[in-house]
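Peer 1: Below are the structure tokens for one structure; questions will follow.
The values are calculated or read from the model by the stated rules, or taken from the named source; none is laboratory data. Source: prediction; values computed, not measured. Methodologically, a virtual Cβ is constructed for each residue, glycine included, from the backbone with ideal geometry; neighbour enumeration extends over all protein chains shown.
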Amino acid sequence: MAAPGRPAAALPAGIEPVELPADAIEVGRIADAWGIKGWFKVLSHSADPEALFSSKRWYLQPADRGLKTFSGTLLLKIREAKDHSGTVVATAQEVDDRNAAEALRGARVFVPRSSFPTASADEYYWVDLIGLAVVNREGVELGTVRELLSTGPQTVLVLEYDVDGKPLERMIPFVSAYVDAVDLPGKRITVDWQPDY
């Protein structure tokens, strides 16, 4: 059902249902149409939306809440994605006008992890750090990375661990003063941190 005064938009022709790739990562959400020529505005989950810019194949799934104009997973072939005043705007082969772009409103955008640009030395994608074990220089296990928080000037690792079956949380700044090494293949981060900090 459409919102009052606003008809439901039809899904663009030519968009086919597909399987979501096994390595797909949710990177943003389509906010709304942008202009009249089929462009749409995307709210990136990252302050640095390089994954959106580098991938020419976006996988869409319906919004968690609100109006759903499709079900399953759809593939959009991106013509162009660019920064516009701090927001990502994009256009796709299958989206030719404002009505088609409006039909995508709220859709969740996924990109295969394999299509992310290569990170520079000592740079890591947050998604690659989640689930890694964290140990200190003495080999004491401090927990597993559950999430990362951006506190403005730095990023903080949020670890989960338990004591006597009780789940607890520990936070460690993800800065070179405390992080000695990140071993992605070994699924381990070594830090200069003590359990009682």
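Peer 1: Just give me the residues in segment 159-197 being of a type in the set (A, V, I, L, M, F, W, C), under 23 Å from the mean Cα position of the chain (by Cα) and over 18 Å from Val140 (Cβ atoms), in sequence order.
Peer 2: Result: Phe174, Val175, Leu184.
Peer 1: Okay, moving on. Determine the pairs where a residue that is on the phi > 0 side of the Ramachandran plot, located within segment 142-159, has a partner that is of a type in the set (Val, Ile, Thr) and surrounded by 12 or more Cβ atoms within 10 Å (Cβ to Cβ) with Cβ atoms under 7 Å apart, the partner being 6 or more residues away or on another chain.
Peer 2: Cβ pairs passing all conditions: Gly143/Val134.
Peer 1: Right, something else. Quick one: in segment 24-65, which of the residues that are assigned to a strand (DSSP E or B) and of a type in the set (Gly, Ala, Ser) is farthest from Gly86 (Cα to Cα)?
Peer 2: Going through the qualifying residues, I end up with Ala24.
Peer 1: Can I ask one more? With the structure loaded, tell me whether Thr91 is exposed (fewer than 15 other Cβ atoms within 10 Å of the Cβ) and β-branched (Val, Ile, Thr) or whether it fails that test.
Peer 2: Considered against the rule, which asks whether it is exposed (fewer than 15 other Cβ atoms within 10 Å of the Cβ) and β-branched (Val, Ile, Thr), Thr91 comes out as no.
Peer 1: Let me ask something additional. Give segment 137-158 a look and list any residue that's over 21 Å from the mean Cα position of the chain (by Cα) and not in a loop (DSSP other than H, G, I, E, B), or say none.
Peer 2: Result: Glu141, Leu142, Gly143.
Peer 1: Follow-up question, since we're still on this one. Could you check Ser46 against (1) surrounded by 14 or more Cβ atoms within 10 Å (Cβ to Cβ); (2) at pLDDT 85 or above and say which number it fails?
Peer 2: Unmet condition: (2).
Peer 1: Scan segment 63-83 for residues that are at pLDDT below 90 and under 19 Å from the mean Cα position of the chain (by Cα) and jot them down.
Peer 2: Ala63, Asp64, Arg65, Gly72
Peer 1: Let me ask something else. For segment 99-129, what are the residues that are over 19 Å from the mean Cα position of the chain (by Cα) and surrounded by fewer than 18 Cβ atoms within 10 Å (Cβ to Cβ)?
Peer 2: Asn99, Ala121, Asp122
Peer 1: Looking at Val179, Val191, Val134, which is the one that is more than 21 Å from His45 (Cβ to Cβ) and free of Cβ contacts under 8 Å to residues at least 24 places away in the same chain?
Peer 2: Exactly one of Val179, Val191, Val134 is more than 21 Å from His45 (Cβ to Cβ) and free of Cβ contacts under 8 Å to residues at least 24 places away in the same chain, namely Val179.
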